Amino acid sequence: MKLENMTWSEVEAYLEESRGIILPTGSIEQHGPIGLIGTDAICAREIAWAAAAQCGALTAPELAYGPAPFNMGFPGTVSLSTPVYAAMAREVLQSLAQHGFDRIYILNGHGANLAPLRQVAESINADIMLRSWWDFDGVNALRKSWYGDWEGMHATPSEVSITQHTHREVTIEGLAPPQKLSAAFMQAHAGDRHGPPDQHRRAFPDGRVGSHSALARPDHGKHLLHIAAQEVAADYLAFVT
């Protein structure tokens, strides 16, 4: 069930049976030469929809825009400042809580959203669970077995695979691997802690950050979506019950 496709009376009836809701959130930013601009929002939304169908949950419209200032050197990226994103998330969560949604499950698809969401969650009068779709063991087992270190940090083959399955496949003949990242770099830049946009584009000229997105496959995306939805559905049910 999707909140935007319901009437207020249908929502009122839902709240008599359940006080839980899934809120996806992502970003609108470049995802390398073959990744879609909306990848982070698409992945969070599609997994949330599939999980909700399995467990009878309600989904809210995704918060598609997020903080992505480091990618503003690439056309198409739309970045919110962290305070603006936090304020938007706070007001959405407060609105849901005011109506009686006291179990709000946020499914995230963008690393830079995590810190502001954690801060905002503390100010909301509801129980909030914050997960990223890649947090789950089954998802990570697939990512590791298919891509290993080439999963990288940004424009990953796993997320590109999901959008290839749900939307469309973009191909570039002979797309070479990007520069491989060190463990120290990945640790230092976790949560999308990247530099200014001009510096970031010089360091990663095609937008990929250690991720060999040419390894993506639509059939991988289908399987990743299925496993992620199963794990999110189980996690959501444990949270709301």
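Structure notes:
- Among residues other than Gly35 with Cβ under 12 Å from its Cβ, the summed charge is -3 (Lys and Arg +1, Asp and Glu -1).
- Put a plus charge on the Cβ of each Lys and Arg, a minus charge on the Cβ of each Asp and Glu, and nothing anywhere else: the dipole of the chain about its Cα centre is then about 620 debye.
- Taken about its Cα centre, segment 59-141 carries a charge dipole of roughly 140 debye when the Cβ of each Lys and Arg holds +1 and the Cβ of each Asp and Glu holds -1.
- Ligands, DNA and RNA left out, the accessible area of segment 53-102 computed with a 1.4 Å probe is 59% carbon and sulfur.
- Rounded to the nearest 20, the size of the Cβ-charge dipole of segment 92-216 about its Cα centre is 180 debye, with Lys and Arg at +1 and Asp and Glu at -1.
- Per residue accessible area in Å² of the chain, where ligands, DNA and RNA are left out and the probe is 1.4 Å: 46 Å²
- Positive contributions from Lys and Arg (+1) and negative ones from Asp and Glu (-1), summed over other residues with Cβ under 10 Å from the Cβ of His165, come out at 0.
- Spin-label model, Ala190/Leu175: points 7 Å from Cα along the beta carbon direction are separated by 2.7 nm.
- Value of D in µm² per second that Stokes-Einstein yields for segment 1-135, Kirkwood Rh from Cα pairs, at 37 °C (0.692 mPa s): 216 µm²/s
- Solvent-accessible area of segment 129-241 (1.4 angstrom probe, protein heavy atoms only): carbon and sulfur portion equals 52 percent.
- Per-residue extension of 0.36 nm, minus the Cα-Cα distance of Ser18 and His99, leaves a gain of 28.0 nm for this segment.
- Under 5 Å, built H, 5+ apart or other chain: amide partners of Gln30: Thr77
- Label-point separation, Thr241 to Ser182 (7 Å along Cα→Cβ), nm: 4.8 nm
- Reported label for calculated semi-axes √(5λ) of the Cα gyration tensor in Å given [x] 31, 20, 15; [y] 33, 17, 16; [z] 26, 22, 17: [x]
The values are calculated or read from the model by the stated rules, or taken from the named source; none is laboratory data. Treat the numbers as computed from the prediction; the structure is a model and nothing was measured. Neighbour counts run over all protein chains shown; Cβ positions are idealised from the backbone, glycine included. Keep in mind that these areas ignore ligands, DNA and RNA; they rest on the heavy atoms of the full protein, side chains included. Shrake-Rupley method; radii C 1.70, N 1.55, O 1.52, S 1.80 Å.
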